[in-house]
1. Within region B:95-112, which residues are crowded, with 23+ Cβ neighbours inside 10 Å, outside any loop (DSSP other than H, G, I, E, B) and within 12 Å of chain A (Cβ to nearest Cβ)?
2. Considering only residues that are touching a Gly at 6+ places or on another chain (Cβ under 8 Å) and part of a loop (DSSP other than H, G, I, E, B), look in region A:377-413 and name the one that is surrounded by the fewest Cβ atoms within 10 Å (Cβ to Cβ).
3. For region A:145-262, which strands (runs of 3 or more DSSP E) that fit wholly inside it have 3 or more residues that are in contact (Cβ under 8 Å) with a residue 24 or more places away in the chain and more than 21 Å from A:ASP127 (Cβ to Cβ)?
4. Has region B:222-231 got at least one residue that is under 30 Å from B:ARG355 (Cβ atoms), away from chain A (no Cβ under 14 Å) and out of contact with any Leu (no Cβ under 8 Å at 6 or more places or on another chain)?
5. Within region B:354-370, restricting attention to residues that are surrounded by 16 or more Cβ atoms within 10 Å (Cβ to Cβ) and more than 12 Å from chain A (Cβ to nearest Cβ), which residue is farthest from B:GLU131 (Cα to Cα)?
6. Output the number of residues of region A:285-312 satisfying the condition of being at pLDDT below 95 and over 22 Å from the mean Cα position of the chain (by Cα).
7. If you take the residues in region B:198-221 that are of a type outside the set (A, V, I, L, M) and not in a loop (DSSP other than H, G, I, E, B), which one is farthest from the other protein chains (Cβ to nearest Cβ)?
8. When you check B:THR43 against the structure, is it crowded, with 16+ Cβ neighbours inside 10 Å, closer than 19 Å to A:LEU44 by Cβ, of a type in the set (Val, Ile, Thr) and more than 14 Å from chain A (Cβ to nearest Cβ), yes or no?
Amino acid sequence: MQWETVIGLEVHVQLATRSKIFSGSSTAFGAEPNSQASAVDLGLPGVLPVLNENAVAMALRFGLAIDAEIPDVSVFERKNYFYPDLPKGYQTSQMAQPIVGKGVLEILPEDGERKQIRIHHAHLEEDAGKSLHEDFAGMSGIDLNRAGTPLLEIVSEPDLRSAKEASAYLRAMHTLVTYLGISDGNMAEGSMRCDVNVSIRPKGQQEFGTRAEIKNVNSFRFVERAIAYEVERQIDILEDGGKVVQETRLYDPDADETRSMRTKEEANDYRYFPCPDLLPLVVDQAYVDHQRSLLPELPAAKRERYESELGLSSYDAGVLTAHHDTADYFEQTLEVCGDAKLAANWVQGELSAQLNRDSLPISESPVSAAQLGGLLVRLKDDTINGKAAKQVFQELWQRRFEDADQVIEAKGLKQVTDTGALEAAIDEVIAANPVQVTQYVEATEEKRGKMVGFFVGQVMKATRGTANPQQVNKLLKEKLDALL
Amino acid sequence: MLDLTLAEMARGLTSGEFKSVDLVRGFLDRIQQRDADINSFITVTGDAALEQAEAADAARAKDDVGALTGVPLALKDIFCTEGVLTTAASKMLSNFVSPYNATVVEKLNSAGTISLGKTNMDEFAMGSSNENSFFGAVKNPWDHSLVPGGSSGGSAAAVAAGLVPAALGTDTGGSIRQPAAFCGITGLKPTYGRVSRYGIIAYASSLDQAGPFGRSAEDCALLLNAIAGHDGRDSTSVSRVVPDYTATLAQPLDGLKIGLPVEYFGDGLDAGVEQAVREAVKVYESLGAQVVDVSLPHTQLAVPAYYVIAPAEASSNLARYDGVRFGHRCDSPVDLEDLYKRSRGEGFGEEVKRRILMGTHTLSEGFYDAYYRKAQQVRRLIRQDFLDAFDKVDVLMGPAAPTPAFKLGEQADPVSMYLQDIYTIAINLAGIPGISVPAGFVDNRPVGLQILGPHFGESHLLNVAHVFQQHTDWHQRRPEQYQG
């Protein structure tokens with residue numbers, strides 16, 4: 001039997017507000033446990049929530065970026081359940097009337113076609129705290145620093161058909177929210193978390209199969225692996241004549257498997273009802289328009305512009321726009337050097353290789369975009385050659401100099417283009433290598449072409465790499481051919 | 001000196017006739033002598049009060065004063081008070097010392113009033129007789145075999161017994177107006193949103209509202225001046241100018257249009273109470289008011305709707321009392337579920353448990369539409385009844401409660417207890433203000449006249465109540481054993 005995988009994702013994006021969604025406490029990551037938990041976050045008797053406008057603005061900008069319907073009114077509701085790291089015994093969330101309605105996100109799976117994934121809705125809610133099970137023998141610790149951090153939960157339609165599409169969706173989402181500046185997108189710190197709904201059905205069948213929800217899958221890689229495992233599991237069950245049960249499962253990355261957490265029968269009845277402490281949220285058109293005016297150029301538009309206006313290949317445009325930090329860096333480099341292809345090559349080549357080697361994000365690159373741009377200016381105007389350029393780049397990477405010109409000056413890397421000086425060097429090389437010269441003269445024309453390289457290398461060596469290779473090539477050929 | 005109204009007391013302090021320290025000492029003595037009989041206080045903060053009184057006297061000497069500087073009062077034990085036990089009369093919070101002040105407490109502090117302590121109440125404000133207190137029932141100062149009403153019974157009894165000149169309470173379904181009526185004092189429930197709820201331990205958030213008890217409408221006006229106003233920490237508080245409620249107290253009532261809701265004079269109304277209320281209305285007629293019958297057709301639905309909405313909100317509001325962060329925790333829990341079950345099972349009283357169960361049930365999947373959604377629809381109809389009535393008349397008048405104070409233990413059945421609030425509950429559902437003023441006696445038991453006005457009509461209500469008190473002396477009567 002041919003099976004088709006059906007996947008829907010619920011992505012929780014931690015919004016990059018300075019303070020929490022319903023209190024003034026800081027949202028900074030990594031503080032001492034419970035040092036960022038106010039009376040409101042602790043759920044003390046008598047406290048009340050006050051909505052953070054910035055969280056609303058960020059949610060709206062997300063909605064506008066996915067071309068979503070923006071309802072005039074959205075309503076906060078209480079999702080009631082008991083858990084030690086949920087201080088009030090309910091999570092303030094949105095249910096029937098979310099802040100962002102139906103929208104769409106375009107994805108580009110590896111080796112695949114562009115595809116439009118429908119977004120069902122996105123809603124605002126508060127995060128819970130954390131239960132700490134280490135360090136407390138026989139007990140659990142509660143850290144409420146994270147309690148009340150604003151989350152935007154983005155729920156897709158079941159439009160994804162493979163693990164690769166799911167991870168492409170997650171990547172596209174990551175790209176979008178970081179472009180929008182509404183999240184730092186730091187997966188390791190939990191700024192983007194994902195629940196995956198997976199089911200399978202015989203290919204061609206219309207109805208969906210029974211789904212399992214896999215909770216808290218927190219990296220692109222784990223999403224692919226968790227889905228792959230889950231699909232195999234469901235196929236095994238069905239092919240053995242069994243039935244998939246609707247349940248919540250947990251992905252264990254160490255064992256690379258999913259495990260049952262609770263079945264539908266054990267599921268909580270969350271008793272949602274409108275939160276009486278928060279009035280319905282009304283956004284007027286002027287406010288929405290204002291948020292629209294704050295939108296940056298979005299990834300898809302940028303990619304399109306890189307291709308059509310800058311003449312970059314589709315591949316280059318895709319790589320450079322995948323992360324807004326990369327795109328920013330590229331654009332700043334381009335602004336200085338004025339050559340899109342050259343800038344693209346260097347950002348994806350030398351810079352990217354060096355960043356990988358040192359495990360640095362582009363935002364922490366020791367070589368700034370302005371420095372790289374300055375370097376490329378000197379490459380373009382023939383002040384230095386390509387080899388020297390790499391050396392300049394290394395010097396800048398070590399932070400030994402302020403800009404390319406300083407390196408070129410200090411290291412004497414300025415390209416020798418003075419024909420007289422080059423001719424002298426060439427004459428010396430010819431004089432010093434009589435055997436090779438004789439071989440050259442006696443060789444066929446085809447072989448001679450390859451043999452020039454040896455002499456070029458000798459001249460470059462003699463000039464410590466500063467000679468202009470094209471010029472050396474040309475002059476050498478003239479002089480050698482004169483000996484024929 | 002101790003039997004003056006707040007207004008008179010403030011004048012005495014200003015003229016130097018007596019000092020704040022004298023007042024505070026005098027009332028603390030009375031509390032010590034008399035409160036054993038009526039049990040109106042849970043916590044007396046004598047030392048702090050004396051310190052504040054000295055500070056108030058010093059401030060008065062420097063003329064650095066407000067209208068209420070140095071005037072003592074008491075707070076229902078539902079208001080969070082920094083560094084002071086705040087219990088909501090529950091075992092659950094019998095160890096809870098609030099780390100912060102409610103907004104109204106801050107406002108009273110800055111107005112210069114001095115709290116003598118925290119008054120007894122029905123646990124979590126759930127009750128109409130003050131018999132549901134972990135700290136024992138409160139007795140009615142007029143007759144110790146009678147209840148004082150509830151839930152703010154301690155505040156009402158303390159004022160009636162002359163232990164404090166005024167007090168603050170909260171009113172979710174009648175919890176200020178009914179005890180004011182039973183104890184023969186004046187009590188005002190302001191419009192929902194007029195007074196901040198921040199720091200008031202929540203019972204039913206969409207209905208809770210704080211308000212004053214005093215010996216006169218004028219005293220209530222003085223206190224409302226101090227506590228009313230928008231609060232950035234309470235999203236449901238309303239941004240609207242706070243008038244000087246004392247400025248319009250004496251306006252003549254010529255041409256006042258009074259509506260008598262026919263539904264408030266039907267079956268179940270004690271004949272003596274009806275007679276007293278009708279006599280009071282005649283006083284208004286003699287002052288030039290016109291009286292017409294009006295109808296509030298959905299009156300009979302108010303109690304059922306309230307007992308869906310209030311318990312639903314309460315079931316969620318009280319989820320935070322889980323034994324994890326503060327409040328009562330059971331001994332040696334074996335696991336998390338045991339911790340929850342026993343902490344809550346031991347910490348909450350019967351009536352609180354009953355309402356949590358009712359609320360949990362009505363919000364459950366499959367019941368929500370039939371109960372909660374339907375109750376919200378009823379709530380809109382009830383509100384519309386009042387809006388329609390106020391198109392025709394300026395104020396509505398009727399009894400605050402169907403009977404005068406009943407005997408302790410007399411209302412053993414919860415439903416007959418709930419029906420005590422038949423004339424007060426609809427007012428909370430509609431969000432309008434209401435005041436109860438003393439209007440006579442039945443068998444030595446006080447009767448309260450309830451006056452209702454449109455949203456934010458407190459000035460007019462207080463004016464109507466004050467003029468009545470200029471022409472009657474019911475509000476000046478004192479229980480025999482508490483005179484002087």
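1. B:THR103, B:VAL104, B:VAL105
2. Per the criteria, the residue is A:ASP403.
3. Those strands (runs of 3 or more DSSP E) span A:192-202.
4. Yes, some residue in region B:222-231 is under 30 Å from B:ARG355 (Cβ atoms), away from chain A (no Cβ under 14 Å) and out of contact with any Leu (no Cβ under 8 Å at 6 or more places or on another chain).
5. Selected residue: B:MET358.
6. Matching residues across region A:285-312 total 0.
7. B:GLU218
8. Against the criterion (crowded, with 16+ Cβ neighbours inside 10 Å, closer than 19 Å to A:LEU44 by Cβ, of a type in the set (Val, Ile, Thr) and more than 14 Å from chain A (Cβ to nearest Cβ)), B:THR43 qualifies.
The values are calculated or read from the model by the stated rules, or taken from the named source; none is laboratory data. Source: prediction; values computed, not measured. Because the Cβ atoms are built from the backbone with ideal geometry, glycine has one as well, and the counts that use them run over all protein chains shown.
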